[in-house]
1. Could we say that residue 79 is within 30 Å of residue 185 (Cα to Cα), in contact with a Leu (Cβ under 6 Å, 6 or more places away or on another chain) and in a helix (DSSP H, G or I) here?
2. For a quick check of your reading of the model, give me the residue pairs whose first member lies in region 342-370 and is under 23 Å from residue 30 (Cα atoms), whose second is basic (Lys, Arg), with beta-carbon atoms closer than 8 Å and at least 6 apart or on different chains.
3. Looking at residue 93, is it without any contact (Cβ under 8 Å) to a residue 60 or more places away in the chain, assigned to a helix (DSSP H, G or I), buried (at least 21 other Cβ atoms within 10 Å of the Cβ) and not small (Gly, Ala, Ser)?
4. Suppose we keep only residues that are in contact with a helix residue (DSSP H, G or I) (Cβ under 7 Å, 6 or more places away or on another chain) and not in a helix (DSSP H, G or I) within region 350-366. Which one would you say is surrounded by the most Cβ atoms within 10 Å (Cβ to Cβ)?
5. From the list 209, 183, pick out the single residue that is under 18 Å from the mean Cα position of the chain (by Cα), more than 16 Å from residue 345 (Cα to Cα), surrounded by fewer than 24 Cβ atoms within 10 Å (Cβ to Cβ) and in the same structural domain as residue 288 (by TED's automatic domain parsing).
6. Return the residue satisfying two criteria in turn: it lies in region 40-63 and is surrounded by fewer than 19 Cβ atoms within 10 Å (Cβ to Cβ) and touching a residue at least 60 places away in the same chain (Cβ under 8 Å), and of such residues it is farthest from the chain's Cα centre (by Cα).
7. Looking at region 212-238 only, could you name the residues that are surrounded by fewer than 23 Cβ atoms within 10 Å (Cβ to Cβ) and not in a loop (DSSP other than H, G, I, E, B)?
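The values are calculated or read from the model by the stated rules, or taken from the named source; none is laboratory data. Being a predicted model, the structure only gives us computed values, none of them experimental. Cβ: placed from backbone, ideal geometry, glycine included. Neighbour counts: every protein chain shown.
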Amino acid sequence: MTYKNLSPELADALKVIAKERVTRTIVPGKDYIPASGKVMYEEDLLLGVDAVMDGWFTGGRFTDAFEKKLADFVGAKRALSVNSGSSANLLAVATLTSSKLGDRALKSGDEIITVASGFPTTINPILQYNCIPVFVDVSVPGYNIDTSMLEKAVSPKTKAIMLAHTLGAPFDLDAVMAFAKKHDLWVIEDNCDALGAEFDGRKTGSFGHLATCSFYPAHHITMGEGGALLINDAELIRIAESMRDWGRDCWCNTGHDNTCGQRFNGQYGKLPFGYDHKYVYSERGFNFKITDIQAAIGLSQLDNLNTFVEKRRKNHRYLKARLEETVGDHIITDTIHPKANPSWFGCTITLKDSFPGNRHELLQYLESKKIGSRLLFAGNILKQPGYLDMPHRVVGCLDNTDLVMNNTFWIGIWPGLNEPHLDYLVETIADYVKNNM
């Protein structure tokens with residue numbers, strides 16, 4: 001790799017230090033095995049140093065390169081970097097509230113179809129814009145929306161669908177996109193746990209009008225904190241750009257003025273003629289931008305994304321097979337849509353009635369053996385303390401959602417783990433079952 005600000009000699013010296021920083025050894029039974037984690041290389045840190053040495057800390061050359069490379073990878077028309085996946089979800093909903101969208105704009109009281117078993121920040125933007133989440137049950141296994149209930153969920157107030165690809169396994173995009181087209185609904189794909197996943201040979205994040213990514217250290221690539229909004233509808237690009245950047249009407253890149261040559265020659269709203277276009281605001285926006293240092297690290301991480309995704313798939317295949325052969329009578333493991341090729345975030349386990357003991361006891365046992373685990377996020381968000389009084393509508397029953405809340409968890413398959421780690425995970429669960437039969 002060529003660095004703008006680092007001589008070959010300095011780069012070589014820094015690589016030695018960087019390699020020490022990113023090298024990590026996890027010994028099963030001795031060291032804690034986290035459910036998620038990051039894998040970094042010395043090049044990631046060096047490109048970050050190169051960005052620091054530019055002395056240009058806001059969005060710049062690395063941000064531009066990262067956004068283009070990410071959009072090309074997914075197959076999106078545009079990628080906008082933001083400071084987190086949660087901000088990306090908020091920006092997605094905010095974009096759809098723009099008055100520029102006319103009757104299709106989201107307004108207070110409009111309904112958005114989703115599920116109750118996901119991560120809170122898929123739901124929060126719906127509530128923050130005074131829309132109504134309409135909850136549909138999920139399938140078990142699969143843990144994605146039960147698409148057979150979609151027609152029952154629609155009403156005259158329905159404007160959008162916002163769904164995550166659960167733990168990297170795509171939901172049924174054929175059914176969801178056909179339903180959305182039939183009823184003229186916006187689709188937001190929460191792709192935060194699924195970067196690199198495919199459905200029918202096409203990357204998730206390229207189907208919906210908008211999609212979101214997260215680059216938190218637990219995710220498929222990382223820049224520390226960070227995320228992205230993927231845009232597949234050309235009408236939404238300029239709106240989303242404005243919403244991300246304070247709501248400004250000006251489209252000049254950071255550090256550039258008067259790109260249009262008309263900076264002082266416009267009439268905007270009820271402002272005086274010639275009001276400086278840099279300070280004209282056409283949307284009620286945010287500042288969700290990242291630093292160029294983050295973008296540099298993310299750009300380097302993208303070089304290894306395909307490798308990371310394949311390692312996650314390999315680890316998931318191995319772990320699923322081992323679990324089924326050892327404790328398969330007592331658990332339910334992942335299944336996927338026939339057209340799906342997941343980019344796994346974790347390996348999901350649901351305890352059957354025949355399982356000896358309960359999830360609470362099992363997870364404490366795993367923790368005592370230095371094995372990390374995670375619940376399937378909110379479980380049933382309707383039961384969470386911060387959401388007991390939220391406005392909502394439920395379609396049918398949420399029996400599987402409650403099953404997820406009570407009996408489901410997931411364990412790690414991230415690229416820093418290898419077969420000895422996965423064997424230890426399986427053997428520990430098998431020992432628990434044996435000791436409690």
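1. Numbers: within 30 Å of residue 185 (Cα to Cα): yes; in contact with a Leu (Cβ under 6 Å, 6 or more places away or on another chain): yes; in a helix (DSSP H, G or I): no.
So residue 79 does not fit the description; no.
2. What qualifies is 346/374; 347/320; 370/30.
3. On the way: without any contact (Cβ under 8 Å) to a residue 60 or more places away in the chain: no; assigned to a helix (DSSP H, G or I): yes; buried (at least 21 other Cβ atoms within 10 Å of the Cβ): yes; not small (Gly, Ala, Ser): yes.
Spelling it out, it is not the case that residue 93 is without any contact (Cβ under 8 Å) to a residue 60 or more places away in the chain, assigned to a helix (DSSP H, G or I), buried (at least 21 other Cβ atoms within 10 Å of the Cβ) and not small (Gly, Ala, Ser).
4. Step one: of region 350-366, the residues in contact with a helix residue (DSSP H, G or I) (Cβ under 7 Å, 6 or more places away or on another chain) are 350-351, 356-357, 359, 362, 365-366.
With the extra rule that they be not in a helix (DSSP H, G or I), the set shrinks to 350-351, 356-357.
Details: 350: 22, 351: 20, 356: 14, 357: 15.
Per the criteria, the residue is 350.
5. Numbers: 183 fails: under 18 Å from the mean Cα position of the chain (by Cα).
Going through 209, 183 in turn, the sole match is 209.
6. For region 40-63, the residue satisfying everything is 54.
7. 234, 235, 237, 238
Residue by residue, here is whether (1) assigned by TED's automatic domain parsing to the domain that holds residue 96; (2) without any contact (Cβ under 8 Å) to a residue 12 or more places away in the chain; (3) charged (D, E, K, R); (4) within 26 Å of residue 216 (Cβ to Cβ) holds:
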residue: 248; (1), (2), (3), (4): yes, no, yes, no
residue: 278; (1), (2), (3), (4): yes, no, yes, no
residue: 288; (1), (2), (3), (4): yes, no, no, yes
residue: 313; (1), (2), (3), (4): no, no, yes, yes
residue: 318; (1), (2), (3), (4): no, no, no, yes
residue: 321; (1), (2), (3), (4): no, yes, no, no
residue: 324; (1), (2), (3), (4): no, yes, yes, no
